[in-house]
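The values are calculated or read from the model by the stated rules, or taken from the named source; none is laboratory data. Source: prediction; values computed, not measured. Here the Cβ positions follow ideal geometry from the backbone for every residue, glycine too, while neighbour counts run over all protein chains shown. Calculation scope for accessible area: heavy atoms of the full protein, side chains included, ligands and nucleic acids excluded. Shrake-Rupley method; radii C 1.70, N 1.55, O 1.52, S 1.80 Å.
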Amino acid sequence: MADEQHTSEELTPWDIVQLARHPQRPHTLDYIRGLCEDFVELRGDRRFGDDRALLGGIGRFNGQSVVVLGHQKGSNTKENIQHNFGSPRPEGYRKALRLMQHAEKFGFPVLAFIDTPGADPSMGSEERGIGEAIAANLVVMAELDVPIVTTVIGEGGSGGALAIGVADRLLMLQYAIYSVASPEASAAILWRDASKAPDAAKAMKITAPDLHQLQIVDEIIPEPAGGAHLDTAATIAAVGASIQRHLDELQVLPGRELRQRRYEKYRSIGLVQQAQTIVLSTTEAP
Amino acid sequence: MKDFLRRTPRYFTANRKTEQQIPEDLWHKCSGCGDLIPSKQFQDNAKVCPRCTHHERLSADEWVSYLLDLDSWQEHDADLAPVDALGFVSPKDNYAKKLETLREQTHRPDAAICGVGAIGEVPLALCVSDFAFMGGSMGAVVGEKVARSAERAAELGMPLLTINASGGARMHEGMLSLMQMAKVSVALARLGEARQPHISLLLDNCYGGVTASYASSADIIIAEPRAHVGFAGPRVIEQTIRQKLPADFQTAEFLLEHGMIDVVASRAELKSVLARVLGLYTDKPRTEGRFAGHANGVQSYIRGV
Ligand SMILES: [Zn+2]
């Protein structure tokens with residue numbers, strides 16, 4: 001553990017971005033295969049189509065029925081094209097919404113895995129209301145009566161990630177990233193220059209330790225030295241153990257209490273101050 | 001609409017002063033058709049071009065003046081100010097300095113104002129984003145104001161109106177800004193439980209994390225004509241799909257056709273549309289005693305109702 005922390009300190013945020021995007025890193029389906037028995041994929045949003053970038057289904061996790069949701073990236077070009085590089089279209093989010101409501105109806109906890117560069121930017125996704133699809137999930141997750149444990153396993157990008165990420169517990173792998181927009185998109189928005197992505201990765205505090213410090217992430221799950229792809233089985237087992245620990249704490253709480261705590265958790269995120277304080281701090285500045 | 005100027009001396013006097021340096025004093029050049037319009041006519045028309053009906057952007061203060069019943073507005077949380085929680089410095093950018101400069105320029109600490117007021121004598125909670133402040137982007141202060149507005153509406157038993165023009169989440173606050181999408185959503189869930197409607201008015205332009213949260217989860221969504229609204233910006237989409245987008249892409253009319261919004265309302269008809277909608281959720285007689293016992297700040301305008 002000490003060695004790992006040492007390694008982590010030497011890596012730049014941009015190095016960690018590369019690890020988070022490593023094609024051999026375990027993806028959602030690897031976690032499902034490793035952690036769930038009797039998994040049945042449930043497909044389609046019952047509105048328009050089935051999105052392969054956001055998968056979901058029911059399965060048995062340590063003996064208990066759960067709903068699993070997760071962005072799916074590929075390990076090679078062919079798989080990536082099949083899964084739209086992990087960028088969901090509106091149908092993916094609407095399928096997730098359907099499965100969250102399914103979870104609530106049958107009292108199943110929701111386990112979600114975040115691994116996306118962001119929602120799909122295309123004409124079709126805009127025409128079919130990708131903004132609304134994400135927005136609807138946020139409100140439904142705010143009110144869900146069952147535990148939600150979300151783990152950032154690779155890349156978490158923007159509202160496209162958050163749409164399955166309003167959770168009672170947010171866990172994050174050591175070399176995963178989570179950002180308001182991908183470093184490339186952030187650099188393009190901030191400085192109109194996507195090649196400044198390494199600067200954005202640094203300035204925007206997107207690593208697990210940064211987000212733990214900002215109290216957005218509840219727990220960092222350590223990775224094998226060098227990254228999750230070097231020991232997939234150990235990584236998946238560590239994620240499973242962590243999820244179970246949090247589920248144990250959450251499942252003793254009634255739905256009402258879960259919702260109240262989730263409300264308090266998100267309601268308090270983000271610092272603001274009274275303007276008066278600012279005036280004081282500027283006059284005190286050297 | 002002729003009374004637009006007369007009813008709103010406070011904000012428009014201030015605006016005209018800053019415009020005196022440019023010849024806008026007498027003439028306004030329409031950014032839609034390029035024609036010169038007498039400034040007074042343009043102002044009286046709520047900044048809508050009488051020739052091409054281009055809707056020029058209004059400031060948050062102007063929206064309050066234009067839409068709310070006279071003297072009904074009571075601003076809340078005006079002193080909420082942002083914190084540079086990430087210590088955001090890059091070779092090209094310094095958030096703390098940027099905030100300071102903007103505060104001096106706009107006399108506002110951040111990109112939204114909120115409070116309570118009335119439209120057509122129906123009391124409501126209001127939160128208006130201000131595009132002039134970092135493109136109306138949502139950081140912790142905007143998120144907090146939207147959340148407080150939703151909770152204020154729930155607590156006081158009145159509808160919520162949000163007026164939304166925003167580039168999306170504020171990059172300089174990193175993940176804290178993304179989390180505002182969750183924050184406003186948990187607060188809006190409370191409004192839903194209180195069975196009070198959220199009406200979202202979409203303006204040109206509204207994108208990203210604002211479109212993908214409170215602006216789109218509203219019970220009723222109204223947009224101004226030709227307002228551009230979407231999740232991904234057109235530049236990003238063009239770069240991704242490597243082709244030009246159709247001219248009407250992501251306009252209010254496009255959204256209406258695709259079933260994403262309820263109403264496209266011109267600025268001229270907006271007030272009556274809102275008054276009608278709001279009235280339908282207010283079936284109890286509006287009497288002076290209705291809000292007795294509720295939190296501060298309500299009595300003063302209720303008396304006028
Ligand atoms: Zn014009």
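Comparing A:G124, A:S65, A:A200 along the charge dipole axis of region A:13-268, the residue lying farthest to the positive side is A:G124, per the Cβ-charge model. The Cα trace of region B:178-293 gives Rg and Dmax of 17.1, 61 Å, the first to one decimal, the second as a whole number. Using the Karplus relation 6.51 cos²θ - 1.76 cosθ + 1.60 with θ = phi - 60°, the per-residue 3J(HN,Hα) values for region A:108-121 come to 8, x, 9, 10, 10, 10, 9, 7, 8, x, x, 5, 5, x Hz, with x marking Gly and Pro. Residue by residue, region B:224-233 carries 3J(HN,Hα) couplings of 6, x, 6, 5, 9, 9, x, 8, 7, x Hz when phi is fed to the Karplus relation 6.51 cos²θ - 1.76 cosθ + 1.60 (θ = phi - 60°); x denotes Gly or Pro.
What share of Cα pairs, in percent, lie more than 22 angstrom apart in region B:85-188? Please report the intermediate quantities before stating the final value.
On the way: 1754 of 5356 pairs.
The calculated P(r) of region B:85-188 puts 33 percent of pairs beyond 22 Å.
Spherically averaged projected area of the convex hull of Cα atoms, the protein assembly as shown: 27.9 nm². The residues B:W63, B:W73, sorted by heavy-atom accessible surface at 1.4 Å with ligands and nucleic acids left out, run B:W73, B:W63 from largest to smallest. Remark on B:I119: its backbone amide H falls under 5 Å from those of B:D69, B:L124, a criterion applied only to residues 5 or more positions apart or on other chains, H modelled at 1.01 Å from N.
Going through region B:224-267, which trypsin sites (Lys or Arg not before Pro) have at most 14 other Cβ atoms within 10 Å and a DSSP loop state? Let's see the in-between values first.
Numbers: sites: B:R226, B:R235, B:R242, B:K244, B:R267; in loops: B:R226, B:R242, B:K244.
Within region B:224-267, the qualifying trypsin sites (Lys or Arg not before Pro) (loop, at most 14 other Cβ atoms within 10 Å) are B:R242, B:K244.
Can you give the Rg to Rh ratio of region A:1-159, both from alpha-carbon atoms, with Rh computed by the Kirkwood formula? Mind dumping the intermediate values first?
Working: Rg = 16.1 Å, Rh = 16.3 Å.
My calculation puts Rg/Rh at 0.99.
Taking the Cα centre of the protein assembly as shown as origin and assigning +1 to Lys and Arg Cβ atoms and -1 to Asp and Glu Cβ atoms, the resulting dipole is close to 1200 debye. Close amide H contacts of B:H76 (hydrogens built in the peptide plane, cut-off under 5 Å, sequence separation of 5 or more or a different chain): B:C114, B:G115, B:V116. Each of B:L201, A:G240, B:S65 was placed along the dipole of the protein assembly as shown (beta-carbon charges, centred on the mean Cα), and the one lying farthest toward the positive end is B:S65.
Taking the charge dipole of the protein assembly as shown about its Cα centre, with +1 at Lys and Arg Cβ atoms and -1 at Asp and Glu Cβ atoms, the residue from A:S179, B:Q180, B:P246 reaching farthest to the positive side is B:P246. Close amide H partners of A:F39, meaning residues 5 or more places away or on another chain with modelled amide H under 5 Å apart, are A:R60.
Dipole check for chain A: with +1 at the C-beta of Lys and Arg, -1 at the C-beta of Asp and Glu, and the Cα centre as origin, the magnitude is about 840 Debye.
On the accessible surface of region A:13-268, probed at 1.4 Å, how many percent belong to carbon and sulfur atoms? Present the calculation step by step, with values, prior to reporting the outcome.
On the way: 4580 of 9110 Å².
That share works out to 50 percent.
In region A:13-268, how many lysine pairs have Cα atoms under 27 Å apart, counting only pairs 8 or more places apart or on different chains? Step by step, the pairs that qualify in region A:13-268 add up to 11. At a 1.4 Å probe, what is the % contribution of carbon and sulfur to the accessible area of region B:95-227? The C+S portion of the solvent-accessible surface of region B:95-227 is 47 percent.
Comparing each chain alone with all protein chains together (probe 1.4 Å, DNA, RNA and ligands left out), the residues of region A:145-180 losing at least 40 Å² of accessible area are A:L162, A:V180. Using only side-chain charges placed at the Cβ, +1 for Lys and Arg and -1 for Asp and Glu, the dipole size of region B:20-135 relative to its Cα centre rounds to 540 debye. Between region B:248-267 and region B:38-94, what is the separation of their alpha carbon centroids in Å? The two parts, judged by their Cα centres, are 22 Å apart.
For region A:50-188, report the accessible area per residue in Å² (1.4 Å probe, heavy atoms, rounded to an integer). Present the calculation step by step, with values, prior to reporting the outcome.
Working: 3170 Å² over 139 residues.
For region A:50-188, the solvent-accessible area averages 23 Å² per residue.
Here is the size of region A:13-268 from its Cα atoms: Rg then Dmax, 16.9, 50 Å.
Bridgeable lysines around B:K29 (alpha carbons under 21 Å apart, same-chain partners fewer than 8 residues away excluded): B:K2, B:K17, B:K40, B:K47. Summed over both chains, the contact between B and A buries some 5000 Å² of accessible surface at a probe radius of 1.4 Å. The HN-Hα couplings worked out from phi for region A:201-206 by the Karplus form 6.51 cos²θ - 1.76 cosθ + 1.60 (θ = phi - 60°) are 4, 6, 5, 8, 6, 10 Hz, whole numbers, x standing for Gly and Pro. Within a straight-line Cα-Cα reach of under 13 Å, B:K98 can be paired with the following aspartates and glutamates, leaving aside sequence neighbours fewer than 8 residues apart in one chain: B:D84, B:D110, B:E173.
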